[in-house]
Amino acid sequence: MFGLNRRNRFEEAVAEEMAYMLGLHGDPAAAAEGAAERARRPNIAASRVKVLREASARLRARVKG
């Protein structure tokens, strides 16, 4: 019960990042690569890296499926 709000915020952040990357790159494959590249930057906070990696994984799944 306690993790529900945290999970909802995470899901919202991932959806927002996916929409941003798709708007920026257009193609889901390029958007996934853009999110992965951004996650590798040294100045990104660890919590944001999790969001970026999840967004990248979901975008890659969208390309494959």
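The values are calculated or read from the model by the stated rules, or taken from the named source; none is laboratory data. This is a predicted model, so every value here is computed, not measured. Here Cβ is always computed from backbone atoms with ideal geometry, including for glycine, and neighbour counts include all displayed protein chains. Just so you know, the surface numbers come from the protein's heavy atoms only, side chains and all, with ligands and any DNA or RNA stripped out. Shrake-Rupley method; radii C 1.70, N 1.55, O 1.52, S 1.80 Å.
At a glance:
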item: Counting all C-alpha pairs of the chain, share separated by more than 20 Å (%); result: 25
item: In Å², nearest 10: area of E37 left accessible to a 1.4 Å probe; result: 80
item: Rounded accessible area per residue of the chain, 1.4 Å, Å²; result: 71
item: Relative packing of peptides 18-24, 3-9 - highest average C-beta neighbours within 10 Å first; result: 18-24, 3-9
item: Nitroxide proxy distance, nm - points 7 Å out along Cα→Cβ at N8 and D27; result: 3.8
item: Cα centre as origin, Lys/Arg/Asp/Glu Cβ charges: the chain dipole, Debye; result: 280
item: Contact order normalised by residue count of the chain, Cα under 8 Å, 6+ apart, percent; result: 36
item: Rounded percent of accessible protein surface that carbon and sulfur make up, the chain, 1.4 Å probe; result: 54
item: Rounded to 10°, Cα long-axis angle of helix 46-64 versus longest principal axis of the chain; result: 50
item: Helix axis angle, 28-39 relative to the chain longest principal axis, alpha carbon, degrees; result: 60
